[in-house]
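Please treat every number below as a calculation from the coordinates, not as lab data. Please read all numbers here as calculations on a predicted model, not as lab measurements. Neighbour counts run over all protein chains shown; Cβ positions are idealised from the backbone, glycine included.
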Amino acid sequence: MTKWICALFICGLASTAWAAPPCVVKATPDNGAVGVDPLTREIRVTFDQPMSKGCSFVGGGPAFPQTTGRPRWVDERTCVLDVQLEPDHRYGFSINSSQFTNFRNKAGEPAVPYPVSFRTAAGASGGPALTAEQNAAAVGRLGTALQKQYSYRELRGVDWEKLLKENSAALTAAKTPGQFADEAAKLLGTAKDMHIWLEVNGKTIASCHRDVLRNINVPTLGKLVPAWKQRSKAVGSGQYPDGIGYILISTWSRGSTVLETALDALKELAGCKALIVDVRPNSGGAEPLAQKFAGCFVAGPKAYAKHVTIQNGRFGPARERSIESNPAGPAYRGKVAVLMGQVNMSSCESFLLMMKQIPGCVLIGEKSFGSSGNPKPVDLGNGVTVYLPSWKDLRLDGSCFEGVGIAPDIEVKTKADDFASRDPVLDAALKVLRGK
């Protein structure tokens with residue numbers, strides 16, 4: 001569900017010793033700011049020590065500010081990002097992250113990650129202010145939804161009644177739907193559930209963000225995989241001289257051409273003795289697309305998962321999900337290795353469970369993230385809609401993997417700098433498929 005876009009600008013590093021890694025001392029607008037003038041044209045970040053000229057403003061989607069130029073350093077401690085902001089909009093990004101660390105001092109030490117989230121003031125056409133009565137009713141609807149429509153309510157171990165009571169004053173005082181959604185997002189973020197979000201005027205407001213290590217570097221892959229072909233933004237392929245095929249699928253997004261493009265690649269590689277299917281950058285999308293691709297690896301129906309759905313506070317019986325043979329796609333019956341990692345969640349975790357049922361298939365990499373919710377909308381009546389998970393996704397044995405993830409058959413632990421010129425996960429797959 002969730003896509004990450006990073007504004008990265010990298011320059012060389014000098015050598016100066018500092019006793020501690022650099023830290024942000026001030027951001028303008030700063031984290032938590034509200035009522036920011038939407039005519040603000042720059043984001044300014046100041047560090048506690050001289051820096052190199054590299055930058056990592058990390059974020060993406062509607063919350064990431066629209067930029068109007070490249071970041072620029074006005075002095076050795078202050079970096080400026082030119083932006084264009086909208087009224088009554090929440091923005092969020094991070095200065096560095098666990099993976100993107102190009103804000104560094106002159107000794108090459110990365111700055112401590114610093115999250116920034118702020119909301120701009122409403123414009124003149126923002127509509128009438130919300131009343132306390134409207135918001136109080138919305139709080140009531142939210143509490144009922146959390147009690148009767150949130151499938152992971154008990155799993156998260158959160159005292160929602162207490163949280164709602166503690167935050168009711170801030171929620172009822174909100175003057176715009178955007179401000180109410182901001183306060184609700186803070187409350188709902190306690191669950192750390194990637195499948196909870198809010199919507200205001202067609203714009204999405206996340207309740208939480210994840211900072212996971214991507215165990216892949218796609219540009220490096222293009223140099224390592226022979227006969228590399230970038231078929232689309234989401235699909236790449238290649239073939240090794242000894243008859244091992246390779247397909248990269250970076251999303252299962254509905255409305256894209258990812259399935260058709262992936263099936264075309266599989267048709268070209270159908271004669272290979274073994275195949276690598278790489279979904280390490282894939283965070284999900286539409287499960288039916290994943291089912292159709294996985295259907296090329298089975299001759300008949302194959303159960304892969306179960307789920308239970310909540311309705312009016314009660315769960316129904318467990319229902320089984322299966323893949324069917326895909327007559328429109330090429331049939332592949334050779335050995336298969338699926339490359340996976342922490343980015344995988346939602347429908348891509350379902351894909352991992354599908355491929356676990358394929359004879360001769362081995363999953364290689366790191367454990368997936370563990371988040372699958374099938375979220376449904378709840379209208380709060382004040383211009384805000386909240387999306388809450390409606391099911392518990394289960395393995396075939398009935399165990400829930402929410403917050404746990406899917407484990408690989410062969411674990412390959414990596415670090416971010418392992419992928420500059422090589423790929424340990426890909427190397428492990430090749431070793432397995434070659435029988436070494």
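Brief remarks follow.
- Assuming charge only on the beta carbon of Lys and Arg (+1) and of Asp and Glu (-1), the dipole of the range 290-356 about its Cα centre is about 120 debye to the nearest 20.
- Descending Cα extents along the principal axes, the range 132-206, whole Å: 33, 25, 18
- Take 343-355, 281-293, 222-234, 137-149 and order them by the average number of nearby Cβ atoms within 10 Å per residue, most first; the result is 343-355, 281-293, 137-149, 222-234.
- Using a simple spin-label model with pseudo-atoms 7 Å out from Cα toward Cβ, Ala270 and Arg41 lie 5.9 nm apart.
- The range 132-206, relative contact order in percent, only Cα pairs under 8 angstrom and at least six apart counted: 29 percent
- Ordering Ala111, His195, Gly60 by the projection of their Cα atoms onto the charge dipole of the range 51-208, which places +1 on the Cβ of Lys and Arg and -1 on the Cβ of Asp and Glu, puts Ala111 at the extreme positive end.
- Summary of packing: across the peptides 390-399, 328-337, 52-61, the per-residue average of other C-beta atoms within 10 Å ranks them, highest first, as 52-61, 328-337, 390-399.
- Directionally averaged projected area (the range 312-436, Cα convex hull): 12.1 nm².
- DSSP bridge orientation in the chain - percent antiparallel, rounded to nearest 5: 75 percent
- Lys, Arg +1 and Asp, Glu -1 on Cβ, resulting dipole of the range 132-206 about Cα centre, debye, nearest 20: 80 debye
- With distances taken between every two different alpha-carbon atoms, the chain has a Kirkwood hydrodynamic radius of 23.6 Å.
- Inter-label distance, Asn201 to Ala407: 4.9 nm, where each label sits 7 Å from its Cα along the C-beta direction.
- This model, with +1 at the C-beta of Lys and Arg and -1 at the C-beta of Asp and Glu, gives the chain a dipole about its Cα centre of some 860 debye.
- Added length on full extension, which subtracts the Cα-Cα distance from 0.36 nm per residue, Arg156 to Lys26: 43.4 nm
- P(r) weight above 12 Å for the range 370-426, C-alpha pairs, percent: 76 percent
- Relative to the globular-protein estimate of 2.2 N^0.38 Å, the Cα radius of gyration of the range 5-119 stands at 1.02.
- Relative contact order %, the chain, counting alpha carbon pairs below 8 Å whose residues are six or more apart: 13 percent
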